[in-house]
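Read the structure below first, then the notes.
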Amino acid sequence: MVKGASIIAVLVLSLISSCYGQVTVGYYNDKCGTKDVESIIRGIVQARFSYEPAIVAFLLRLQFHDCLGDKQCDASLLLAGPGSEQTAVPNFTVKGYDLIDAIKAALEQECPGVVSCSDIIAAATRDAVVLAGGSYYDVPTGRKDGLVGLASNVDLPPPDISVAGAIQYYGKEGFSALETVVLLGGHTVGVTHCSVIKDRLYNFKGTQQADPDLDAFYVFFLGNIICPMAADMFLFLDSPDSVVTVDNSYYKMLRQHKGILPIDNAIAFDPTTSDYVKDLANNNNYFLDLFGKTIVKMGLIGVLTGNQGEIRQVCSRTN
């Protein structure tokens, strides 16, 4: 299966390369005087990661919600105010805005009006992924920022979406079933709340029992240590020893019947995706390579370039 999937990955990379358009790798070269834009971004991300490694999860989720929430990677999620995307229920727990603001402020000091907030999201996420153990990938830049961000436009998949539903959702944006499974690999550093899975632990489908697809010892561990009935703590989606590391341990967990979210558990055993999960669980380098390529592809959804959009002076509001 890996050989065939690798061929798909090559085709994906070829498609990405041909679709950059006005968004290119190295777009900011020589556009900020003697300063290197991506080095400035990297330095600020590195400083934050040094004391808060969970920033990798925040940034991956922020980029995911910005790009797929309204099908445009245009930093519309950063726009604040009544009725903004930030007020949509799926975005209530998105974090990392302050880091993007800090990077933007630093770049505005060096070269005002040059670097878009949407490019900052893409580059900062890549840098955090690398710091967390992921493979380096080139980020095409040159995006403009959107002028509108409305909660009513947000369309994100729920954690209990079916495998067929997930493939259909991502398929509308050009992702294959394999790429869908790879995108879900972002859960390698993901978190959720205990309340999201209480039914799986205590009352699966009204049975007053745990979900039989969950490992019995894992149910005991979650129910007694992490998610007691009365608690609503944060819960990591990966193995406790790998929660801030970008690696394939997430897929290994799934194959052990320890997938936290319903969709996590489902992709491990659905015949459409189970072989992909197996291949990714067996080869960390394979996952890291595909993960970077798929994040790049996601970062090209609905980008604004040229005369479209603007370069915001402050990421939380339009000019």
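The values are calculated or read from the model by the stated rules, or taken from the named source; none is laboratory data. All of these numbers come straight from a predicted model, not from anything done at the bench. Virtual Cβ from ideal backbone geometry, glycine too; neighbours counted across all protein chains shown. SASA here: full protein model, heavy atoms, side chains in, ligands and nucleic acids out. Shrake-Rupley method; radii C 1.70, N 1.55, O 1.52, S 1.80 Å.
A few comments on the model shown:
- Counting only helices (runs of 4 or more DSSP H) that sit completely within the range 165-247, those holding 2 or more residues that are modelled with pLDDT of 95 or more and over 18 Å from Ile55 (Cα atoms) correspond to 177-184.
- Taking each residue of the range 25-41 that is among the acidic types (Asp, Glu) and looking for partners that are modelled with pLDDT of 95 or more with beta-carbon atoms closer than 6 Å, six or more apart or interchain, yields Glu38/Ala123.
- Residue that is among the basic types (Lys, Arg), open to solvent by less than 50 Å² (accessible area, probe 1.4 Å) and within 21 Å of Gly299 (Cβ to Cβ), where the choices are Lys95, Lys104: Lys104
- Flag for Arg143 being within 30 Å of Ser50 (Cβ to Cβ) and among the basic types (Lys, Arg): yes
- As a summary of the residue check, Ala80 satisfies the conditions (1) out of contact with any Ser or Thr (no Cβ under 8 Å at 6 or more places or on another chain); (2) among the small types (Gly, Ala, Ser); (3) within 17 Å of Leu147 (Cβ to Cβ); (4) open to solvent by 10 Å² or more (accessible area, probe 1.4 Å) except for the one numbered (1).
- Filtered by the rule that a residue be in contact with a Phe, Trp or Tyr (Cβ under 8 Å, 6 or more places away or on another chain) and surrounded by fewer than 21 Cβ atoms within 10 Å (Cβ to Cβ), the range 126-151 gives Val130, Leu131, Ser135.
- Residue list for the range 141-158, restricted to those being within 16 Å of the chain's Cα centre (by Cα) and of a type in the set (A, V, I, L, M, F, W, C): Val154, Leu156
- The combined condition, being touching a Phe, Trp or Tyr at 6+ places or on another chain (Cβ under 8 Å), within 20 Å of Lys293 (Cα to Cα) and open to solvent by less than 50 Å² (accessible area, probe 1.4 Å), is not fulfilled by Asp211.
- Yes/no for Leu60 being open to solvent by 10 Å² or more (accessible area, probe 1.4 Å), closer than 23 Å to Gly185 by Cβ, touching a residue at least 60 places away in the same chain (Cβ under 8 Å) and part of a helix (DSSP H, G or I): yes
- Residue check, Val154 out of contact with any His (no Cβ under 7 Å at 6 or more places or on another chain), more than 15 Å from His65 (Cα to Cα) and crowded, with 18+ Cβ neighbours inside 10 Å: no
- Within the range 34-45, the only residue that satisfies the criterion of being open to solvent by 30 Å² or more (accessible area, probe 1.4 Å) and closer than 16 Å to Asp98 by Cβ is Ile44.
- Within the range 225-244, the only residue that satisfies the criterion of being among the hydroxyl-bearing types (Ser, Thr, Tyr) and surrounded by fewer than 17 Cβ atoms within 10 Å (Cβ to Cβ) is Ser239.
- Test result for Ile44, more than 19 Å from the chain's Cα centre (by Cα) and in a helix (DSSP H, G or I): yes
- Restricting the range 2-29 to residues that are at pLDDT 50 or above and farther than 21 Å from Asp127 by Cβ leaves a set whose member that is surrounded by the fewest Cβ atoms within 10 Å (Cβ to Cβ) is Gly21.
- Scope the range 107-124; condition buried (at least 24 other Cβ atoms within 10 Å of the Cβ) and of a type outside the set (A, V, I, L, M); matching residues: Ser116, Cys117, Ser118, Asp119
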